[in-house]
Structures are given as structure tokens and as C-alpha cells.
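Below is one structure, written out as C-alpha cells, with a few remarks after it.
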Amino acid sequence: MSFWDAYFRSLKPLEVEEPIDVWVHRPPAYVLARLLLPTPVSPNLVTIGSIVLGCAAGAAIFLGFPGHLPVAGLLIFSSAVLDCCDGQLARLRKSSSAFGRMLDGVADLVVSSVVVGGGAWLVLRKYHEPSWLFALAAVLTVTTIITGSFHTTMYDHFKNVFLRLTHPSYREGEDLEVAEQRFHAQRAQMSWGLKLAWGIYFFYMRSQSEYADKFDPNAKRLMLLASEFSARNAAIYRKHAGPAMRLWRNFFGFGSLVFGLAVSIGLDVTEYYLLFRLLLLNAVFYGYLRPAQRRASQRAVQELSTPA
């Protein structure tokens, strides 16, 4: 089997994979996963490494040593590579677990918070005078951060729905109730650090669920319909939601966000990247993608609910 054949077998279905991950982050991640395959290094340890590199990037941004921004950009990129590597290593070993997915979600939230916070600080430091310009920069930056979090959480939500409905072997994400049962069953044996990670995970899951209900009135019905796979349901949902998913994965995922931040922070042009997300991506997100996803979900629910 050639390198690329083996590489593509290590990915999730390309219908949901972000192109920036497929062609930029995941190839070096796959090489690293193959090197780690015969070692005792676990996917969870790789995930922790991703968190460490993300936090190191944040430290590089704030410390301000000579060349700190290119170093920060490289650390952000390296963190994204490890974030891809953990899942690829787990799939190569056929050792994916609910705990690993939880830890990966925590890593995404921690790294994005640190890196986005560092990017915001760079912008506000650059435009700190006069006071009206600082106030304007602060409002626009905070708005971009909030709406950007909606972009990535909704991509993650609809990616999970798409995988559950269209691919029998993929069960991305988990229901909040199931996660809570696992937490309470293991809570007595958990360290304080693990309890903190669970708290972050629950915050993300609840926030995602609440916003998904506002974003798409059929979100809960789709999750219920996705409880069991069938070829008929897969064909129906792919027909209606496929075009929206192509837009989701191209522009609104975590990989796209992190890559944009790595490049813009490394080149010290973070404000331009934030403006791109604020003006252009929000226009697409709210002006086209939300109504398109709602129509797709409504039509899919209607057809899925109709007996064959």
C-alpha cells in the first residue's frame, strides 16, 4: 500500500474532513502517528502534548522575546498537528475511546481559548490609542471571538450528526446524558485534574447543545433520528445536508481557525484575519449557511419521518 493510500485510510470520511487538515495538518500528523505506533505513547498523551504546545504558544505571545510571534505561530501549528495525530494514532491502533474523545474536546477548547486570547491581546496592544480606537477594536475583537466560537461548535455539531446518519462505523461525539452517567460512575476515583477536564467538557457540551437548538429548530430531532444507522436514512440525509456540510468543512472548522491564527499571529497581522472572520465568514454563516442548514434539516426530518 502506498503512503497516500495508507494515509487516506487513517482519516475520517472526507465528506466531513476539513481540507486544511487533509492537506496541511494531517500528513505530518500521520507520519508522527506511524512513528509512535510501535511505542508505548498513547493517543491521550499526544492530546496532552497538543495542550502543552498550545499553552506554550500563548506564553510566547505574551512574553515578547525577539522573534516571539513566529515562534508562537510555529507552536500553534505544531499543536494542531498533534491534535490531528491523536485521533489518527487511535484509529491505527483501533483504540478509540469515549474518554479520548472527551480529552480531545477539552484540548480544542483550552488551546483555542489560549491562542484566541493571545491574538486578541496583540490586536488591542497595537490599537490602544486613541481611546475611541481601543474601544472600537475591543468591541470588534470580542464580537469576532464570540461568533467564531459559534462557527466551530456548530461545525462540530453538524459533523457529528452527519457522521452518525451517513456512516455506520463512526460515532463522533456523545450524548450529554451518557457522558454524565460515565462521569458519576467514575467520579470517586478521579483526580482533581480529571474532574477539571470533565467540567470543561460539560461546559462545552451544554453550550453546544443550547446553541444548536437556537441555530436549527430540528437539531434535537436529527440527533434522535441518528440513534440507529440505515442505508435509507444515510441517502436521505446526505442528499439534503451534503451541500451545507461542504461549506461547513471548508471554512468553519477548528482546523481552519487554528491555521489562520498560526499564520496571522506569526506574521503579526492578526487584526486582518479577525476582520476576515468578522465580516466575510459571519456574512456567510448567518446570511447563507444558517438558513441553508435549517432548510436541509427540515426537509431531511420530514423525509426521514415518512415510512419507506
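Scanning the stretch 36-65 for residues that are assigned to a loop (DSSP other than H, G, I, E, B) and either exposed (fewer than 15 other Cβ atoms within 10 Å of the Cβ) or hydrophobic (A, V, I, L, M, F, W, C) (or both) yields L37, P38, T39, P40, V41, G64, F65. Check G242 against each of (1) exposed (fewer than 15 other Cβ atoms within 10 Å of the Cβ); (2) within 30 Å of S79 (Cβ to Cβ) and name the one condition it does not meet. The number of the failed condition is (2). Out of everything in the stretch 66-91 that is of a type in the set (G, A, S) and either modelled with pLDDT under 95 or assigned to a loop (DSSP other than H, G, I, E, B) (or both), what residue ends up being farthest from the chain's Cα centre (by Cα)? Across the stretch 66-91, the extreme among qualifying residues is G67. When D83 is tested against (1) surrounded by 17 or more Cβ atoms within 10 Å (Cβ to Cβ); (2) touching a His at 6+ places or on another chain (Cβ under 8 Å); (3) closer than 22 Å to P168 by Cα; (4) not aliphatic (A, V, I, L, M), exactly one condition is not met: (3).
Restricting R164, R187 to those that are of a type in the set (K, R), assigned to a helix (DSSP H, G or I) and within 22 Å of the chain's Cα centre (by Cα) reduces the list to R164. Residues in the stretch 124-141 that are loosely packed, with under 12 Cβ neighbours inside 10 Å and of a type in the set (V, I, T): V139 only. When T306 is tested against the conditions (1) in a helix (DSSP H, G or I); (2) polar (S, T, N, Q); (3) out of contact with any Phe, Trp or Tyr (no Cβ under 6 Å at 6 or more places or on another chain), the lone failure is (1).
Using the structure shown, decide if D156 is in contact with a helix residue (DSSP H, G or I) (Cβ under 9 Å, 6 or more places away or on another chain), within 25 Å of P243 (Cα to Cα) and touching a residue at least 12 places away in the same chain (Cβ under 8 Å).
Working: in contact with a helix residue (DSSP H, G or I) (Cβ under 9 Å, 6 or more places away or on another chain): yes; within 25 Å of P243 (Cα to Cα): yes; touching a residue at least 12 places away in the same chain (Cβ under 8 Å): yes.
Here the answer is yes, as D156 does meet what is asked.
The values are calculated or read from the model by the stated rules, or taken from the named source; none is laboratory data. None of these values were measured; they are calculated from a predicted model. Positions of Cβ are backbone-derived with ideal geometry, glycine not excepted, and every protein chain shown enters the neighbour counts.
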